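The values are calculated or read from the model by the stated rules, or taken from the named source; none is laboratory data. All figures in this text were calculated on a predicted structure; none of them were measured in a lab. In this analysis, Cβ positions are derived from the backbone assuming ideal geometry, glycine residues included, and neighbour counts consider all displayed protein chains. In case anyone asks, the SASA skips ligands and DNA or RNA and just uses the protein heavy atoms, side chains included. Shrake-Rupley method; radii C 1.70, N 1.55, O 1.52, S 1.80 Å.
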Amino acid sequence: MVRDERATMTQVEGVERARCPVPLEELERSAKPFNEAVVLPRACYTDPEFFEFEASAVWEHEWICVGCAGMVPNVGDFYTITVLNEPLIVVRNKERDVKVVSGVCRHRGMVICAPADRPEEEWTAPPPETSGNCSTFRCPYHWWTYDLDGLLVGAPAMDRTTDFDRSQIRLPELRTELWNGFVFVNLDAAAAPLAPRLGSLERFLENYRLEGMQTVEPYTVPDVPFNWKIMVENFMEGYHPSRLHKGIHDWAPSEGISYAPYAEDGAALYGFMEAVHPDGGFNPTAKALFPPILTLTDAERRRVPFVYVPPSLLIGLQSDSAFWFVVLPTGPETHTLSMAYLFPPSTLELPDFGDRLHAAIAGVGLFNNQDLPTNTAIQKGMRSRFAPRGRYSWQEEVLSQFNRWLVTRYRRAVDGLA
Ligand code: FES
Ligand SMILES: [Fe+2]
């Protein structure tokens, strides 16, 4: 993302105010309770200038989930991820801590983990994300080398360079927080910690024992062709399951949805669908494919919770497993979507785990087959001059909550408080 600060910021009496391309009053109409609220203006889903504003108002100040600590279980394990055009490296260091550092070489800006040796048809393609295990990161261009904390430990032929002190050079480290095994980063050094604002969600999820679950390898779809909020809305709202997913979602009907009240100081939106039978599953059998999580109550085994830790983490839970989506915008009409299952360790040890996982992924695929084309078509609809500012059903109350969460941050940026 290239940001033109002059276009989006104004200085008024020393307070830096962001210029929002949509009048705040228009946005406020979406932040009312669900029975009064309307859909956000189309610019929020399509306009590059609004996207720039939103990036600075929301994404540069919030805790952004970048995956699971379980994706780097061993010292030296790493993967790369791009957040708001920032190439990052998530790595487990020698102290076994998960660190997130900039992936941009301090010499002349090569993306350190980008492959420099690619087939001709990929010479000018964007560098792919990579993962692996290493003891140091060596930039392929001139071999500047960094340890697992990002400290420069090698830089060839720099001995004639005046005042070059290798020990003073390191990859910038981002503020990082771990919550229930998820890794969060924040680009704002002054942001309040995340975990203290997740207390009620923590209690809601307590019996799932998320912190002990293990993730399987995530599947990442780059360049998903719709605005990131469309993905979030689709994941969280309970209005469409009994309609778009008629038949395959009947075990957890839309009329069983309820959401936790909006908490001004909370850092999560969540709710659950009451199922018609316990131990349901998102597959053609409508039954869980794995053993139930033993710590769940009978009531919990009839529930399908949906959780959003904005802006990037979505979690769905079933009686046998959980699944997570990480949504990272790459432009006003595109995002990167990663998804994976979480299981209790005992489930991963089942002799037929691989076959069952295959069936589970195929089952979720049936829902994606309907959700992803719908979301893609929504993007086209929101580009229309006739894009609606439609009203909400009670079954999509969470959308007005999401709008409220967003508009609070839009307003803060306009007021110079972000
Ligand atoms: S750009 Fe990385 S070593 Fe030169
Ligand atoms: Fe869906």
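Structure values in brief
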item	result
In the stretch 65-100, the trypsin sites (Lys or Arg not before Pro) that fall in loop regions by DSSP, at most 12 other Cβ within 10 Å	K94, R96
Gain on full stretching of the segment that runs from R19 to T374 - 0.36 nm per residue minus C-alpha separation	124.6 nm
Accessible-area ranking of I81, I361, largest first, probe 1.4 Å	I361, I81
Proximal lysines relative to K229, as straight alpha-carbon distance under 27 Å, when same-chain residues fewer than 8 apart are discounted	K32, K246, K380
Computed log₁₀ I(q)/I(0) - Debye formula, equal Cα scatterers, no solvent, the stretch 193-412, q 0.08, 0.16, 0.17, 0.19 Å⁻¹	-0.28, -1.20, -1.37, -1.73
Solvent-accessible area of I257 with every protein chain in place, 1.4 Å probe, in Å² to the nearest 10	10 Å²
Cβ-placed point charges (K, R +1; D, E -1), dipole of the stretch 316-417 about Cα centre in debye, nearest 20	880 debye
Dipole magnitude (debye, nearest 20) for the stretch 1-156, charges at Cβ of Lys, Arg, Asp, Glu	480 debye
Dipole-positive endmost among N93, V66, L313 within the chain (Cβ charges, Cα centre)	L313
Solvent-accessible area, 1.4 Å probe, carbon plus sulfur percent, for the stretch 65-175	48 percent
Estimated inter-spin distance, E26 and E95, nm [label 7 Å along Cα→Cβ]	4.9 nm
Debye, to nearest 20: dipole size of the stretch 65-175, +1 on Lys, Arg Cβ, -1 on Asp, Glu Cβ	280 debye
Solvent-accessible surface (1.4 angstrom probe) belonging to L289, in square angstrom, nearest 10	50 Å²
Kirkwood Rh in Å, taken over the stretch 65-175 so that all alpha-carbon pairs contribute	14.6 Å
Extension gain from S167 to D149, taking 0.36 nm per residue of separation minus the Cα-Cα distance	5.2 nm
GNM top mover of A190, A360, A268 - the chain, alpha-carbon springs below 10 Å	A190
Stretch in the chain that is longest and holds no GluC sites (Glu not before Pro) that DSSP places in a loop and that have at most 13 other beta carbons within 10 Å	96-263
Theoretical FRET efficiency, 1/(1+(r/R0)^6), r = Cβ-Cβ of R412 and T334, R0 35 Å, to 0.05	0.85
Viscosity 0.890 mPa s, temperature 25 °C, Stokes-Einstein D of the chain from Kirkwood C-alpha radius, µm²/s	107 µm²/s
Gain in span if fully extended, T130 to A359, counting 0.36 nm per residue against the direct Cα distance	79.7 nm
Cβ-Cβ FRET estimate between T295 and Y219, R0 fixed at 35 Å, reported to 0.05	0.80
Fluctuation leader among D47, D371, D355 - the chain, Gaussian network, Cα springs under 10 angstrom	D355
Value of Rg to Rh for the stretch 27-81 (Rh from inverse mean 1/r over Cα pairs, i.e. Kirkwood)	1.21
Among T334, P23, F290 the positive-end extreme of the charge dipole of the chain (Cβ point charges)	P23
Accessible area per residue, Å², the stretch 181-281 with all protein chains present, probe 1.4 Å	42 Å²
